[in-house]
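Notes to accompany the following structure.
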Amino acid sequence: MKTLLKTPILLLFFAQCAAAAVVGFSVEPRTAEISAQKPAEIALKLSVKKGWHIYGKSAQTGSPTVFDFSLPKGFRLDSLEWQPEKTFEFMGAKFGGYDGEVLVKAKISASENTDTPKNFSAKVSASWLACSDTCVPESASADFGLLQIPAEKSAEISETGGAIAGFFAVLAAAFSGGLILNLMPCVLPVLGIKIISFAKSANGSRAAAILNALCYAGGIVATFLLLAVILLVLRSGGESLGWGFQLQNPIFSSIMALLFFAMALSFAGVFEIGAGLTGFAGVGGRVANKYAQAALSGVLAVLVASPCTAPFMGSALGVALSGGVSAFESLAVFAFLGLGMASPYVVLAAVPNAKKYLPKAGAWTERLKQILSIPLFATVAWLVWIYGRQTGSLGHILAALAVAAAGLRIYGVYAQPHRPRTTRRSAIVAAPLALAVAVCLCVSGTNGENGKMPAAENAWSAEKVAKLRAEGRSVYVDFTAAWCLTCQYNKSILYSPKIEKLFAENGVKILVGDWTNKNGTIAKELEKYGRAGVPLNLLFPPKGEAVVLPALLTEQAVIEAVDKIK
């Protein structure tokens, strides 16, 4: 009798357990298109009942949530993109996990082409630990389809879907970003050099002026393409790099500082190198080949401009480096950035009779050179500050600048035609020798374990963002770098009294993602928002999607973003 009574009770218990699943699991879309050129993206959706939570992929407490894919031959799982974890507390212990609706994005790729569309069946199994007052291990599985499309068909779908028009829009954005780049603070020192170059060309023919401008444009475009190739090669090898990556290396920062220091000394009249360094900048007296120098000044302009991200430029670079376009398309984006940056000079040189409006070269150009040494010295100070932030050692680069100044002054005084031959030769040797010693001093300052900046209390991390949002706080994330002048301008807006008061009244916490040194975690976070460089400004409400602010901040843009999340 007892056995008979127990049987329905056990059946009822198991029925309740079966009906008591607290997490729903599904896959969207049920059928995803895929080709050898275009990975399929599906969303793994977990719906957690109110009052319950599950754990993340690498839980230290509890059991992690795990997905197991059964894919046809020739297909592979490339990545799983998880949402930031929330912070929960139980019996005084804190741990990360999820509640509510959880989306995990899966990217699947095919290794082979197909001649005709083919359907494949796939399956994903999931297991997790759902916890509230008690914990229940659960699992589920879902079937989905993969429609493999031929490469040619995939291209047709892209065309009909407007992908080509979209890419032309990206090229237009790249051109506009390159054009605006001329107005960014990074490029101002080089703009002064070009002003003098145009003034000197006023005495020549229009054809010569156009050729000079085209050579300058060629140097710009070629340097953009070279940086693109380096970036694409390094990223294909697993490096997390973005625009301005070279300034994340303190050796490069110090060499640029020495170069601009030498230019500034030359402009200030400390030495005149003729066909040498001043000629390289395109402002020397007699030059061996002015067109080669115009091209090299274009190279210098891009290297100086690389820390800046102009409006429209960030989204274009994000597309170029996203991995969702071909290498040819990525190079095209960089080429259009260069064309946009070079276009004002080519147009000015090509306009008929434009040189009539240019003042003739004369004594004023020498005075202008001396005035332009000031922004060049300011650029040196900025690069020295970057080096100090990266290495924690200012002594090395300051000593390097002193050695370089001594060598260049010796050259300026003793390498003159009226000096004896032995004196001139000794002075000519002294300058490169001093520069070599200066470079060695800078390199020695990068040794040791002083390259990491101390962690700040408001340093960004995905965990901090999730924790603050779980507490009901709004979070402003400022992805920045010391070498990014646009970022430094944005700080003047972000920390203005008006914005600080606005954030205090609305409980907004600022976190800073500092990308001065190489940081793969930050690089991947930038990629999530289609960016390949800084600045990136995000405002997270307690719930919902983040608001992406413009690359160049204004107080009004920040105020509107705060109003949007209220």
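The values are calculated or read from the model by the stated rules, or taken from the named source; none is laboratory data. Note that this is a predicted model, so its numbers are computed, not measured. Using ideal geometry, Cβ is built from the backbone for each residue, glycine included, and neighbour counts are taken over all protein chains shown. For accessibility, only protein heavy atoms count, side chains too; no ligands or nucleic acids. Shrake-Rupley method; radii C 1.70, N 1.55, O 1.52, S 1.80 Å.
Within segment 407-425, work out how many residues are open to solvent by 50 Å² or more (accessible area, probe 1.4 Å) and hydrophobic (A, V, I, L, M, F, W, C).
1
State which residue is nearest to Ser306 (Cα to Cα) when the search covers only segment 491-519 and only residues that are of a type in the set (Gly, Ala, Ser) and open to solvent by 30 Å² or more (accessible area, probe 1.4 Å).
Here the residue is Ser492.
Filter segment 473-490 for residues that are open to solvent by 10 Å² or more (accessible area, probe 1.4 Å) and at pLDDT below 90 and give the result.
Matches in segment 473-490: Leu485, Gln488, Tyr489.
Here is a check on your reading of the model: is Lys107 basic (Lys, Arg), at pLDDT below 85, open to solvent by 50 Å² or more (accessible area, probe 1.4 Å) and closer than 28 Å to Ile522 by Cα?
So Lys107 fails the test.
Scan segment 340-368 residue by residue and report those that are buried (at least 19 other Cβ atoms within 10 Å of the Cβ) and at pLDDT below 85.
Passing the criteria: Tyr345, Ala349, Lys355.
Out of segment 381-394, which residues are in contact (Cβ under 8 Å) with a residue 12 or more places away in the chain, open to solvent by less than 50 Å² (accessible area, probe 1.4 Å) and in a helix (DSSP H, G or I)?
Within segment 381-394, Trp382, Leu383, Val384, Ile386, Tyr387, Gln390, Thr391 meet the criteria.
Looking at Leu376, is it more than 30 Å from Tyr98 (Cβ to Cβ) and in contact with a His (Cβ under 6 Å, 6 or more places away or on another chain)?
Criteria not met by Leu376.
Mind listing just one residue for me: the one in segment 438-452 that is touching a Ser or Thr at 6+ places or on another chain (Cβ under 7 Å) and part of a loop (DSSP other than H, G, I, E, B) and, of those, modelled with the highest pLDDT?
Going through the qualifying residues, I end up with Gly445.
What is the number of the single condition among (1) within 29 Å of Pro84 (Cβ to Cβ); (2) at pLDDT below 90; (3) open to solvent by 40 Å² or more (accessible area, probe 1.4 Å) that Arg469 does not meet?
Result: Arg469 passes all but (2).
Pick out the one residue from Val558, Val512, Val534, Val562 that is in contact with a strand residue (DSSP E or B) (Cβ under 9 Å, 6 or more places away or on another chain), part of a strand (DSSP E or B) and touching a residue at least 24 places away in the same chain (Cβ under 8 Å).
Just one listed residue meets the conditions, Val512.
Would you check if there is a residue in segment 77-98 being within 30 Å of Ser35 (Cα to Cα), in a strand (DSSP E or B), open to solvent by 30 Å² or more (accessible area, probe 1.4 Å) and at pLDDT below 80?
Checking segment 77-98: not a single residue is within 30 Å of Ser35 (Cα to Cα), in a strand (DSSP E or B), open to solvent by 30 Å² or more (accessible area, probe 1.4 Å) and at pLDDT below 80.
Could you check segment 542-566 and list, in sequence order, the residues that are open to solvent by 10 Å² or more (accessible area, probe 1.4 Å) and either among the small types (Gly, Ala, Ser) or under 25 Å from Glu101 (Cα atoms) (or both)?
Once the filter is applied, which keeps residues that are open to solvent by 10 Å² or more (accessible area, probe 1.4 Å) and either among the small types (Gly, Ala, Ser) or under 25 Å from Glu101 (Cα atoms) (or both), segment 542-566 yields Pro542, Lys543, Gly544, Glu545, Ala546, Val547, Val548, Ala551, Ala557, Lys564, Ile565, Lys566.
Would you check which residues across segment 38-76 are touching a Leu at 6+ places or on another chain (Cβ under 6 Å) and open to solvent by 50 Å² or more (accessible area, probe 1.4 Å) and list them?
Passing the criteria: only Ser63.
Can you tell me which residue in segment 110-123 is farthest from the chain's Cα centre (by Cα), limited to those that are modelled with pLDDT of 80 or more and open to solvent by 70 Å² or more (accessible area, probe 1.4 Å)?
Ser121
Could you count how many residues in segment 372-382 are of a type outside the set (Gly, Ala, Ser) and closer than 18 Å to Phe271 by Cβ?
5
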